[in-house]
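Working notes for the structure below.
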Amino acid sequence: MVHIRPLSSSLSKKAQNELNEVPERIHEDLKILRQWIAQSPHLRPRVDDQFLVAFLRGCKYSLERTKAKLDLYYTVRTVCPELIRTRDPENVRTRAIIRLGVGLPLPHTATPDSPRIVLVRPAAYNTSQFSIEEVIRVSTMTHDIMLIEDDNFVIAGQIGILDLANVTVDHFLQFSPTFVKKMTMMSQEASPLRQKGFHYINTPCGFEVVFNMFKGFMSEKNQSRLYVHGQDLESFYRHVPRRLLPAEYGGDAGPLQDLIFNWEKKLVSYRDYFLQEDQYGTDEKKRLGQPKNAANLFGVEGSCGVVQLD
């Protein structure tokens with residue numbers, strides 16, 4: 001018996017039409033995927049139905065693509081511990097970043113089968129207090145919850161909003177080419193996320209340098225889904241209905257502080273889940289073939305190396 005959440009009729013139709021989902025075949029697809037995992041000695045993944053189905057959906061039920069993405073998902077997380085390990089929401093610094101609300105999934109979608117909207121506000125954190133690695137670590141926690149809990153996110157995809165109001169030069173300086181490459185691989189090749197668009201608003205001078213660096217590492221498809229609106233919010237509203245935004249942006253999604261508080265409660269409720277995460281990943285000593293490390297993944301040694309699980 002398959003233990004996954006029933007879909008709404010509109011999302012079920014979208015999953016079948018756009019993702020090649022055949023409800024009667026999910027059990028068999030999961031069985032094949034688990035058999036492959038059992039034959040992959042280096043891989044230590046979660047194997048519950050809801051988690052694995054997110055990867056099948058993100059790969060449009062291509063089993064080979066699903067295997068490759070699941071492997072890379074855990075490989076990147078293993079070789080880049082600074083972005084993924086020790087994600088305890090009760091940790092003082094982690095909790096402080098959560099309360100800043102740098103990245104916030106918004107509660108409403110344009111239609112019942114529309115993508116989830118995520119608002120990112122880099123200026124919400126002080127670069128003298130927190131590193132970009134710490135901030136991204138918290139964003140991966142939110143992503144992980146959505147991967148197993150949010151059917152709009154998994155099936156319809158995500159629309160990102162990057163509000164660059166009040167960002168400083170120090171924020172930009174935290175984005176080295178190496179870090180950008182890691183982040184792009186983590187969110188593009190190593191994630192089942194379907195990116196449906198990314199909108200940049202309130203962009204300052206100097207933004208183009210970082211923007212072009214990110215763009216250079218993206219696939220052509222994802223490059224075509226980038227929109228730079230500058231200060232022209234009316235252009236932005238033509239893509240993202242204003243009503244879906246927080247009150248501070250003139251929308252009906254409620255005050256930012258309420259959204260932050262709700263996500264803080266959710267992240268804390270997942271504490272045991274995140275503490276368990278440290279046991280998952282890859283053991284490169286057991287990989288059949290060449291072990292993966294930062295050098296052959298990113299072309300640089302960086303601060304990442306091959307990390308072995310106990």
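The values are calculated or read from the model by the stated rules, or taken from the named source; none is laboratory data. In this text the structure is predicted, and so the values were computed from the model without any measurement. With ideal geometry, Cβ positions are generated from the backbone for all residues, glycine too; neighbour counts draw on all protein chains shown. Keep in mind that these areas ignore ligands, DNA and RNA; they rest on the heavy atoms of the full protein, side chains included. Shrake-Rupley method; radii C 1.70, N 1.55, O 1.52, S 1.80 Å.
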Computed accessible area, Asp272, all protein chains, 1.4 angstrom probe, square angstrom: 100
Keeping every protein chain in place, order Glu220, Glu90 by accessible area at 1.4 Å, biggest value first, i.e. largest first. Glu220, Glu90
Rounded to the nearest 10 Å², what accessible area does Ile37 show when all protein chains are kept and the probe is 1.4 Å? 20
Show the residues, 5+ positions off or on another chain, whose built amide H is closer than 5 Å to the amide H of Ile84. none
Whole-Å distance, taken between Cα centres, linking the range 274-289 and the range 102-147: 25
Per-residue SASA entry for Arg271, accessible area with 1.4 Å probe, Å² rounded to 10: 80
Surrounding net charge for Lys196, when Lys and Arg each add one and Asp and Glu each subtract one, Cβ distance under 13 Å: +3
Where does the chain land at 222 nm, in deg cm²/dmol rounded to the nearest 500, when only DSSP H runs of n ≥ 4 count, each adding -39500 (n - 2.57), divided by all residues? -12500 deg cm²/dmol
Amide H to amide H under 5 Å from Ala190: which residues, 5+ apart in sequence or cross-chain, H placed 1.01 Å off N in plane? none
Go through (1) 19.2, 55; (2) 18.0, 54; (3) 21.9, 79 and flag the label whose value is the computed Rg and Dmax of the Cα atoms in Å for this structure. (1)
Residues with amide H under 5 Å from that of Gly230, placed H, sequence gap 5 or more: Asn202, Thr203
Taking square-rooted eigenvalues a ≥ b ≥ c of the alpha carbon gyration tensor, is the range 96-208 rounded, prolate or oblate, where a/c under 1.5 means rounded and, failing that, a/b exceeding b/c means prolate? prolate
Hey, what's the range 35-128 come to in accessible area per residue, 1.4 Å probe, Å²? 36
Karplus-derived HN-Hα couplings along the range 274-284 (A = 6.51, B = -1.76, C = 1.60, θ = phi - 60°), whole Hz, x at Gly and Pro: 5, 5, 6, 4, 4, 7, 9, x, 10, 10, 5
Those lysines that a straight Cα-Cα span of less than 21 Å connects to Lys286, excepting residues fewer than 8 apart in one chain: Lys67, Lys69
Give the residue from Gln50, Thr75, Ala124 lying farthest towards the positive end of the charge dipole for the range 1-156; charges sit on Cβ (+1 for Lys and Arg, -1 for Asp and Glu) and the dipole is referred to the Cα centre. Ala124
